[in-house]
Amino acid sequence: MTSPVLSWALPIALFILALAMACCLIRVLRGPSAQDRVLALDCTYLNGMLIMLVLGIYYGSTNYFEAALLIALLGFASSTAMAKFLLRGEVIE
């Protein structure tokens, strides 16, 4: 049973996170430099992870939390690889 505050706060949080993700995707497409695009991708995966966490709270399912953990792991690895690529020009040494 959810509290009355959660019944209206969770849909608002989902809308705001989706709006933030849309803003990040615009920055990915229109970013002036590669560093801006990588940062926007980092923010996009973070927003995706937070959306999964809010959905997990909303539906009361642990599967969403596991998906959020997977998004966090893959996002961190991809951000590290992209930063290394921008720094040195190669990912694997």
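Remark: ALA83 falls outside the filter, which requires a residue to be farther than 19 Å from PHE15 by Cα and over 18 Å from the mean Cα position of the chain (by Cα).
Contact map, region 63-86: residues that are acidic (Asp, Glu) paired with residues that are open to solvent by 70 Å² or more (accessible area, probe 1.4 Å), Cβ distance under 8 Å, separation 6+ or inter-chain. No pairs are found.
Across region 38-76, the number of residues qualifying as assigned to a helix (DSSP H, G or I), of a type in the set (Ser, Thr, Tyr) and over 15 Å from LEU6 (Cα atoms) comes to 3. For region 34-49, residues that are open to solvent by 40 Å² or more (accessible area, probe 1.4 Å) and not aromatic (Phe, Trp, Tyr) total 9. Taken together, the residues in region 62-93 that are loosely packed, with under 12 Cβ neighbours inside 10 Å, closer than 25 Å to SER33 by Cβ and polar (S, T, N, Q) amount to 1.
Identify the residue in region 1-32 that is in a loop (DSSP other than H, G, I, E, B) and modelled with pLDDT under 90 and, among all such residues, is surrounded by the most Cβ atoms within 10 Å (Cβ to Cβ). Filtering first and then ranking leaves GLY31. In region 1-22, the residues that are of a type outside the set (Ser, Thr, Tyr) form Cβ pairs under 6 Å with partners that are open to solvent by 70 Å² or more (accessible area, probe 1.4 Å) and in a helix (DSSP H, G or I), at six or more places apart or across chains, as follows: LEU10/TYR58.
The values are calculated or read from the model by the stated rules, or taken from the named source; none is laboratory data. As the structure is a prediction and not an experimental result, all values here were calculated from the model. Here Cβ is always computed from backbone atoms with ideal geometry, including for glycine, and neighbour counts include all displayed protein chains. Each accessible area value is taken on the protein alone, full model and side chains, heavy atoms only, with ligands, DNA and RNA left out. Shrake-Rupley method; radii C 1.70, N 1.55, O 1.52, S 1.80 Å.
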